[in-house]
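Trainee: Before I ask anything, let me first share the structure, which is written out below as structure tokens.
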Amino acid sequence: MKDLEKYTLRIADTSLILAQRLSEWCSNGPTLEEDIALSNISLDLFGQANGLLDYVSKLNGEKSADEIAFKRNERQFYNLQICEQKNGHFGDTIIRQFLCDSYFKLFYSSLANSKDEILSAIANKSLKEVEYHLRHSSNWVIRLGDGTKESNQKIQTSLNQIWKFTGEFFEMDELDNIMLKKNIGVDNNNIKEKWDLIVNKTLKQAKLTRPNDGYMMNGSKQGLHTEYLGKILAQMQYLPRAYPDAKW
Amino acid sequence: MQSGKIAEIWTLLGSVPDPEIPAISVVELGVIRDVKFLNNEFIISVTPTYSGCPAVKTFQDDIKTQLNQNKIHNFKIEIVYKPAWTTDWMSNETKEKLRKYGISPPEKFAQCPQCSSTSIELISEFGATACKSLYKCTDCLEPFEHFKCI
């Protein structure tokens, strides 16, 4: 696989898997408004994944975007592990979303300056959407953190549990370095400081304690995942695999 | 000769309504970025409103139907991402159409399309479609949708 193709696929997979995960809230939201909000965010992420997968398909020259999404197994997916974690209760989902939105905002701000015109265009477009998502998730983190004693305890636990998956945002492997050198990719180290600022500010406002950086999960860049990805794929890929001729 | 045809295509596109908000056309929505003639076919450049907006697929189909019905077959729809769609492309006339249709247009401050009051409260940042949020007028008490500014 070409470098640019693999790099784009990683970004696409992160959006795709988080979108699929979030879509599980559709018809299960705690209120009608939140049901619509989470489904809308999911839809934006699916759209971003679609644009990126179309580009992967073009770079690949053989497989269509659908084939790439539906005909790969766990080890061939490169999404960040945080995206595949279970939705849990509403607070678990909101914390995961907040940490991801903060990352997406900075990642796409930087990718918008990419020398690759298509990545830059998609990043510019996505940035507008993720900024809106971040506003939504930040407001909820504050409302739940600074809400009742119970809501505070619950979301603090959510934060503590998901924290070990945030290390992957800032990892740089060989491919990241190659893409950075070509002025195509993002310097993930560089966004860490700004991410800390955004996250710390909101957590403080929400009266939540930032967990200490302990052991951090990693491996998605090599296709290593937690047990949940397989279950997501089983649901996402079932229909096109069972009925390969089915048309939308 | 092609420039006449291009003008005709623009006119035809001007009669394709937005699938979600039929009060305005896809041209007024600002998603048709360009129509040009290249290598014996017309290229219609379309930009999505929101990346995942399901209406994008629908209005592409509607455009195809509209042009085919008018005996134009040599065209291709091309998706462009740059520059990213913005509600700034909407004219004041279009915004007025939205207001009459009952949607508060994409301006910095939402306003009740029923009674023009600015005493409003946000119900939800996300509405029935990706492009709208939900408000309530605290004067006439009617709920209404606001077209988000992006």
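Trainee: Using only the alpha-carbon atoms of the range B:89-147, report the extent along each of the three principal axes, biggest first, to the nearest angstrom.
Mentor: Here the Cα extents, ordered largest to smallest, are 29, 23, 18 Å.
Trainee: Moving on to the next point. Straight-line reach from A:K63: which lysines fall under 22 Å, measuring Cα to Cα and dropping same-chain residues less than 8 apart?
Mentor: The reachable lysines, counting only those whose Cα sits under 22 Å from A:K63, are A:K2, A:K6, A:K71, A:K221, A:K247, B:K57, B:K76.
Trainee: Restrict the search to the range A:163-245; then list the trypsin sites (Lys or Arg not before Pro) that DSSP places in a loop and that have at most 16 other Cβ atoms within 10 Å of their Cβ.
Mentor: Counting only loop positions with at most 16 other Cβ atoms within 10 Å, the trypsin sites (Lys or Arg not before Pro) in the range A:163-245 are A:K182, A:K207.
Trainee: Also, quick follow-up: Binning every alpha carbon pair distance of the range A:3-242 at 10 Å from zero, what are the percents per bin?
Mentor: Each 10 Å bin holds this share of Cα pairs: 8, 33, 39, 18, 3, 0.
Trainee: Ignoring the sites themselves, what is the longest stretch of chain B with no trypsin sites (Lys or Arg not before Pro) in a DSSP loop and at most 10 other beta-carbon atoms within 10 Å?
Mentor: Within chain B, the longest run free of exposed trypsin sites (Lys or Arg not before Pro) spans B:1-70.
Trainee: Which of B:N70, B:N40, B:N92 moves most in a GNM of chain B, Cα contacts under 10 Å?
Mentor: Result for chain B, Cα springs under 10 Å: B:N40 fluctuates most.
Trainee: Still on this structure: Just how far, in whole angstrom, is the range B:1-67 from the range A:125-204 if you go by their alpha carbon centroids?
Mentor: Cα centroid of the range A:125-204 versus Cα centroid of the range B:1-67: 38 Å apart.
Trainee: Could you tally the net charge around B:F59, taking each other residue with its Cβ under 15 Å from the Cβ of B:F59, Lys/Arg +1 and Asp/Glu -1? Could the numbers behind the result be given before it?
Mentor: Values: positive: B:R33, B:K57, B:K64; negative: B:D18, B:E20, B:E28, B:D61, B:D62, B:E78.
Taking every other residue near B:F59 into account, the sum is -3.
Trainee: Working out 0.36 nm times the residue gap between A:K63 and A:N113, then minus their Cα-Cα distance, what length gain in nm do you get to one decimal?
Mentor: Result for the pair: 15.2 nm of gain on full extension.
Trainee: Enter the mean number of other protein chain beta carbons within 10 Å of the beta carbon of each residue in B:49-57, as an integer.
Mentor: Counting Cβ atoms of other protein chains within 10 Å of each residue's Cβ and averaging gives 6.
Trainee: Please go through the range B:25-125 and write out the chymotrypsin sites (Phe, Trp or Tyr not before Pro) that DSSP classes as loop and that have at most 12 other C-beta atoms within 10 Å.
Mentor: Qualifying residues, ordered by number: B:F109.
Trainee: Taking the Cα atoms only, what angle lies between the long axis of helix A:149-162 and the longest principal axis of chain A, rounded to 10 degrees?
Mentor: It works out to around 30 degrees.
Trainee: Hey, could you pull the Cα Rg and Dmax for the range B:22-107, both in Å?
Mentor: Answer for the range B:22-107, Rg first and Dmax second: 14.0, 44 Å.
Trainee: Please compute the average number of Cβ atoms from other chains found within 10 Å of each residue's Cβ in peptide B:125-136.
Mentor: For this peptide, the per-residue mean of nearby foreign Cβ atoms is 4.
Trainee: Also: How far is it, in nm, from the label point at A:N190 to the one at B:I79 when both lie 7 Å from their Cα along the line to the Cβ?
Mentor: Label-label distance for A:N190 and B:I79, simple model: 2.8 nm.
Trainee: Now, a different point. Hey, which of these cross-link pairs are over 26 Å Cα-Cα: A:K149/B:K108; A:K125/B:K136; A:K125/B:K95?
Mentor: Cα-Cα > 26 Å for A:K149/B:K108; A:K125/B:K136; rest within.
Trainee: Looking at the calculated P(r) for chain B, what percent of the C-alpha pair distances fall above 23 Å?
Mentor: Result for the distance tail: 40 percent.
Trainee: Taking the Cα centroid of the range A:1-36 and of the range A:81-120, what is the distance between the two, rounded to the nearest whole Å?
Mentor: Cα centres, the range A:1-36 to the range A:81-120: 9 Å.
Trainee: Follow-up question, since we're still on this one. Inside 10 Å of the C-beta atoms of B:76-83, what's the mean count of C-beta atoms belonging to other chains?
Mentor: Rounded to a whole number, the mean comes out at 3.
Trainee: Right, next: Using alpha carbons only, how many degrees (0 to 90, rounded to 10) separate the axis of helix A:188-205 from the longest principal axis of chain A?
Mentor: Orientation of helix A:188-205: about 30 degrees from the principal axis.
Trainee: A further question follows. For chain B, take the longest principal axis of its alpha carbons; what is the angle in degrees between that and the long axis of helix B:2-13, to the nearest 10 within 0 to 90?
Mentor: Computed tilt is about 30 degrees.
Trainee: What distance in nm separates the two pseudo spin-label positions at B:K57 and A:A242, each 7 Å out from Cα along the beta-carbon direction?
Mentor: My value for the distance between the label points is 2.0 nm.
Just so you know, all these numbers are worked out from the coordinates, no wet-lab data involved. Bear in mind the structure is a predicted one, so any value in this text is a computation, not a measurement. Neighbour counts run over all protein chains shown; Cβ positions are idealised from the backbone, glycine included.
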